[in-house]
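See below for the structure under consideration.
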Amino acid sequence: MRHRKSGRKLKRTASHRKALLISLSTALLKNKRITTTLAKAKEARPYVEKLITRAKNAIATEETGTPKNVHARREIARFIKDREVVTELFGEIAPKVATRPGGYTRIIKLGHRLGDAAQMGLLELVDYGLGKETPKPAEKTKSVKRGWKKSEKKVATTQTKSE
């Protein structure tokens, strides 16, 4: 039984799961939003928030006079291998969330994926104002009968109006 065991295994080995979380967090910090399955988004969210908090705290302590920026950059660089993303995290993202006490990401449910009906979710950074333009789940469209043509429909509707 798995009572009181935290975290999702995502049907992967520990090393594969770690690599998945690293790539998801790198993509999120680079693009500010990613679309993935809901389980992966829920698992990646605390991972990313800890990285952002570490960068934010390093910037806050540097302003007070004690430089911890280098150590924090090295700690974060263990997980995020892309140098541009680490630079962007410390230069743009961390100062923007400096006053926020937490909750740097949001998950928006998008519905089910067509291929395997997996629940999809949008994981995005809150302070970038992208929540207003979130894509809505695809609505079901009615199929048109193949025998009907648009021209025949117009003719049929105009005849009923004239009578």
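The values are calculated or read from the model by the stated rules, or taken from the named source; none is laboratory data. Note that the structure is a prediction, hence the values are computed from the model and not measured. Here Cβ is always computed from backbone atoms with ideal geometry, including for glycine, and neighbour counts include all displayed protein chains.
Points to keep in mind about this one:
- Filter result for Lys50 (without any contact (Cβ under 8 Å) to a residue 12 or more places away in the chain, surrounded by 15 or more Cβ atoms within 10 Å (Cβ to Cβ) and either over 20 Å from Ala19 (Cα atoms) or within 19 Å of the chain's Cα centre (by Cα) (or both)): no
Residues are listed down the side, and each one gets a yes or a no for (1) surrounded by 14 or more Cβ atoms within 10 Å (Cβ to Cβ); (2) touching a residue at least 12 places away in the same chain (Cβ under 8 Å); (3) more than 14 Å from Leu89 (Cα to Cα):
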position: Lys5; (1), (2), (3): no, no, yes
position: Arg12; (1), (2), (3): no, no, yes
position: Leu20; (1), (2), (3): yes, yes, yes
position: Lys30; (1), (2), (3): yes, yes, no
position: Leu38; (1), (2), (3): yes, yes, yes
position: Asn57; (1), (2), (3): yes, yes, no
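- Failed item, numbered, when Lys42 is tested on (1) modelled with pLDDT of 95 or more; (2) of a type in the set (Lys, Arg); (3) under 16 Å from Pro95 (Cα atoms): (3)
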